[in-house]
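The block underneath contains the structure these notes are about, expressed in structure tokens.
The values are calculated or read from the model by the stated rules, or taken from the named source; none is laboratory data. All values derive from a computational prediction rather than experimental measurement. Positions of Cβ are backbone-derived with ideal geometry, glycine not excepted, and every protein chain shown enters the neighbour counts.
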Amino acid sequence: MLRVIFLFMIVAIISFNDSVAFADGCMMPREVGKSTKMVASPKQEALLATDGKTVQVVLRTHFRAGPEELAWIVPVPSKPLKIEKCSDEIFSVLEQETAPKFYRMAGKSGGGFSCGCAAPAVRDVTVSRPAVVVEQTGTAGIFKYVVLSATKADELTKWLNDNKYFVPIGAERIFDQYVKGGWYFLAMRIRPEASNRPTLAPHPISYTYRDDKLVYPLVISQLSADLRNEIVLYVVGNCRYACANWANATIDPEKIELKPGTPSGTNYDELVMTLAEKHDGRMFVTELAKGLSSLDESIFKIGDVLDKQSAGLTASRKTITRLRAIMTPRAMDRDVMLIPLGGWEKVDNVYHLTANDPPDVPVAAACGLVFAAFMGVRLTGRNCYFRRLRSRPKTPPNSSNSVAGSGATL
């Protein structure tokens, strides 16, 4: 019983003091949560790394449909090269290291896609050239892929359907925008021998293309978008990046408040949603922008993986930018053009929030209080025991009141 009382008192004191204070006044904050996926609809993640001449893209898309129904078509501004399977580790480490984190500190508080710079000029086409050309075929992990170039959107649609890359109604209109810009198409399908794998998030795909511009193809996502979609972009380069043709925003730390019961433990997700609605979904929130050297050491796993697959493409990497958007299909009316920012400011992803808590209890005082309470309980128990012994009436050995001597039946 005394042990139970003792443990109860320790729990009570710890609950009374969320943050542990040391002699130098340094606080060890308690993490209350992270900003996680806010919607149950498909999520797209992409990492774009550039050295100024070549762009490497790593894509992962979360699908609702089972893998046996999966066909994935990605427009690329220039001919995609080095198409390979990529490790899931990339996005798991990126999410871990760059997603907003919130810590509670105890204290006393009172135009359209027509932008011509998005793609290279339309290539010269001879009369004898087919409307759809198979530029390359191969496999990458569980995917069997084909690289296509096209001069007519209707012929591209027909080719995809004839080859069992069944595209939804309305695809021809979307394809036409990319065909007119001279884009290539990376069409992927689950290999038959891997089609029974129960996953909605196949492994990422990595490819490169030669260009000095960074663009994320978003218009095509209208064909498979849900009512609400989450897009997370990571840009690795020599400075911070932002969107050229979308609104850009950051969350004001002064507006973030603790809110128990939410995934992050705060109102952060509500603030993001409010900004998204204000801009009709056409907005990216910058959640992180800082030098890679200032991040935790585990972030360098990303660089190691990229370097192995890109022959040192990211050797000159200096910064990483995390951009996130929540949008409806109607907002996906343009691709995302990414541009470097001069004189950029660092955006941190760690927030320390002050709560209206009781005054801090120093650790030494707390331990002393627990010890004193424990000794008090023990001494009180012993005193009561001795009092009971002293007050117990003395009964003669042969008295009839003695159970053993009288042979009484209980």
Query raised in the report: Got a sec? Which of Asn245, Asn238 is within 23 Å of Thr286 (Cβ to Cβ), modelled with pLDDT of 90 or more and in contact with a strand residue (DSSP E or B) (Cβ under 8 Å, 6 or more places away or on another chain)?
Result: Asn245
Requested in this report: Examine the stretch 75-88 for a residue that is at pLDDT 90 or above, buried (at least 21 other Cβ atoms within 10 Å of the Cβ) and in contact with a Cys (Cβ under 9 Å, 6 or more places away or on another chain), and state whether such a residue exists.
Outcome: no
Requested in this report: Using the structure shown, decide if Asn238 is within 24 Å of Cys86 (Cα to Cα) and more than 18 Å from the chain's Cα centre (by Cα).
Outcome: yes
Report summary line: Here the residues within the stretch 281-307 that are more than 16 Å from Lys101 (Cβ to Cβ), at pLDDT 90 or above and charged (D, E, K, R) are Arg282
Query raised in the report: Take the residues of the stretch 195-217 that are surrounded by fewer than 16 Cβ atoms within 10 Å (Cβ to Cβ), at pLDDT below 85 and not polar (S, T, N, Q): which is farthest from the chain's Cα centre (by Cα)?
Result: Arg197
Requested in this report: Quick one: count up the residues across the stretch 261-288 that are touching a strand residue (DSSP E or B) at 6+ places or on another chain (Cβ under 8 Å) and either exposed (fewer than 15 other Cβ atoms within 10 Å of the Cβ) or not in a loop (DSSP other than H, G, I, E, B) (or both).
Outcome: 13
Requested in this report: Pull up the stretch 241-260, narrow it to residues that are within 20 Å of the chain's Cα centre (by Cα), closer than 24 Å to Val219 by Cα and of a type in the set (A, V, I, L, M), then point me to the one that is surrounded by the most Cβ atoms within 10 Å (Cβ to Cβ).
Outcome: Ala242
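Here's the yes/no breakdown for (1) within 20 Å of Ile220 (Cα to Cα); (2) at pLDDT below 85; (3) assigned to a loop (DSSP other than H, G, I, E, B); (4) within 29 Å of the chain's Cα centre (by Cα):
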position	(1), (2), (3), (4)
Arg104	no, yes, no, yes
Ser114	yes, yes, yes, no
Cys117	yes, yes, no, no
Val125	no, yes, yes, no
Pro130	no, no, yes, no
Tyr145	yes, no, no, yes
Leu148	yes, no, no, no
Report task. Only residues in the stretch 232-255 that are assigned by TED's automatic domain parsing to the domain that holds Leu338 count as the first member; pair them with residues that are among the charged types (D, E, K, R) and part of a strand (DSSP E or B), Cβ under 6 angstrom, at least 6 apart or cross-chain, and list the lot. Result -> Val232/Glu45; Val232/Arg324; Tyr234/Arg322
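Yes or no, residue by residue, for (1) in contact with a Leu (Cβ under 9 Å, 6 or more places away or on another chain); (2) among the basic types (Lys, Arg); (3) closer than 22 Å to Ser149 by Cβ:
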position: Phe166; (1), (2), (3): yes, no, yes
position: Lys180; (1), (2), (3): no, yes, yes
position: Pro202; (1), (2), (3): yes, no, no
position: Ala244; (1), (2), (3): yes, no, no
position: Glu254; (1), (2), (3): no, no, no
position: Gly265; (1), (2), (3): yes, no, no
